[in-house]
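Values in this text are rule-based calculations from the coordinates and carry no lab data. Nothing here was measured: the structure is a model prediction, and the numbers come from that model. Glycine gets a Cβ as well: all are built from the backbone with ideal geometry, and neighbour counts include every protein chain shown.
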Amino acid sequence: FLSPRVALLSHPGTVSFSCSINISIHGRLIFFFFQAEDGIRDAQESRGLGDVYKRQINAEYGERCGTMMQTQMMRRLGQYASFSTRAQPLSIPVIDVTALRETASASPEQMAQVATELHSACCTVGFFAVIGHGISPELQVRALDISRQFFSLPDTEKRKIHINPQNPFRGYQGVGVNVTQGRPDQHEGLDMIQELPASSSGLREGLLDDTMLRTTRNQWPTESLPQMESTFEELRREMGALGVHIMRGLAMGIGLDAEYFAPAYRDWFWIMRAIHYPLFEGELSGDELGCGVHTDYGNLTIILQDDAHEDLLRVQSPFSQEWVTARLPEGALCCNIGDMLQCWSGGVYKSTPHMVMPPSTASATGKHPDGTGRISVPFFFDPNYEALVSPLNPGEDGAGEPVVFRNHIMGKLNNNFEY
């Protein structure tokens, strides 16, 4: 059936814009038609307009339908706004998630506000900076320092734990070994993946073989840096807890119960990397990339990075296609959504393309000695290894098909490593 025609608030301007939005909910197709004049200038304004109609549609069709409509509307208006003159350049929003962590003392209104901010960020630029995350500055500094110590070791030491045919997913990768879109990335890294029981219930129909993932273990520089493993284990626990809180907020932002996704991440899977981007010597031609343009294939990425360089992480809004420099306040963690969450949210959120420029003397902040590269520690928070991830709205653009996470991650790992 068709809903009554709904018109957007009018703004001064000469260029008209209209769009239709189709939403399928509980088997019913609901059609909305919007029109406006030029003046949808930024994501904040488009969300404000969405709020007006969300209340109206909530009353008529229910809260979930109102939230879905608002999200689709923001996506369309975000695309339109990219052709208009923006009042403010698109930027990475800063979100305080304290209310999601301290639920005993937070009010429902405070939690809802954080959920709204998370939802807005994921509907526009796709990246956000998190403060109030609860990870101590001491732990952050310790993890970054020990990562820098590891990458300062002689190559002979680092290569003792190199990824190899017997352990193809976990360990050290030298500069240029990681390849994105056919081009060697200008970074070196140490890859860590959750260790699984060596034995499983065996291959079942439709599941990919994961023998190599199960029968290998993470590699650590135990002789040179015996404290590195315990430091990263502590950081892993803290980032995992933060991932749980953010997922609760995202569920609320979509208009679902805070625990909607929880059964599928009670035993969450994780991947973690320590990355060193060496200082680029000479003049940049524009072809050099610390890490090429890509989307993350997991669920939610949480990144700890040092302050030796700035303006190196570039983010492309999946809605407006605008490239944004991700500049974070001190102590903040950078977060973004990946391919798995795009599927899980039914295409409500889009996995965000991004790249990393190589550090140079021009990008140095002066907070570290000359010649210092950049250290980054991304943490990938994922569903339970055997979880069946089903899109909220199958058939929606970008929703994908239901997938067992084990198959998703094994398919990516098998295509991402040289062995």
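Brief remarks on what is shown
- Whole-number percent relative contact order across the stretch 184-264, with pairs defined as alpha carbons under 8 Å at least 6 apart: 18
- In this calculation the C-beta distance from ASN407 to GLU322 is compared with R0 = 41 Å, giving a FRET efficiency of 0.75.
- Those residues of the stretch 217-239 whose amide nitrogen sits under 20 Å from the label point placed on VAL141, 7 Å along Cα→Cβ: 227-236, 238-239
- Full-extension gain in nm, GLU195 to THR116, via 0.36 nm per residue minus C-alpha separation: 24.9 nm
- Counting 0.36 nm for each residue step from GLN149 to VAL293 and taking away their Cα separation leaves a gain of 49.1 nm.
- The stretch 122-268, relative contact order [Cα under 8 Å, separation at least 6], %: 20
- Förster-model FRET efficiency, 22 Å R0, GLU386 and ARG217, C-beta, rounded to 0.05: 0.65
- For the stretch 147-189, the spherically averaged projection of the C-alpha convex hull amounts to 3.3 nm².
- Estimated FRET transfer efficiency when R0 is 30 angstrom, pair GLU157-GLU102 (beta carbons, to 0.05): 0.10
- Which of GLY240, SER120, THR215, positive extreme of dipole for the stretch 107-243 (C-beta unit charges): THR215
- Cut-off 12 Å, label 7 Å out along Cα→Cβ of ASP307, residues of the stretch 326-353 by amide N: 328-332
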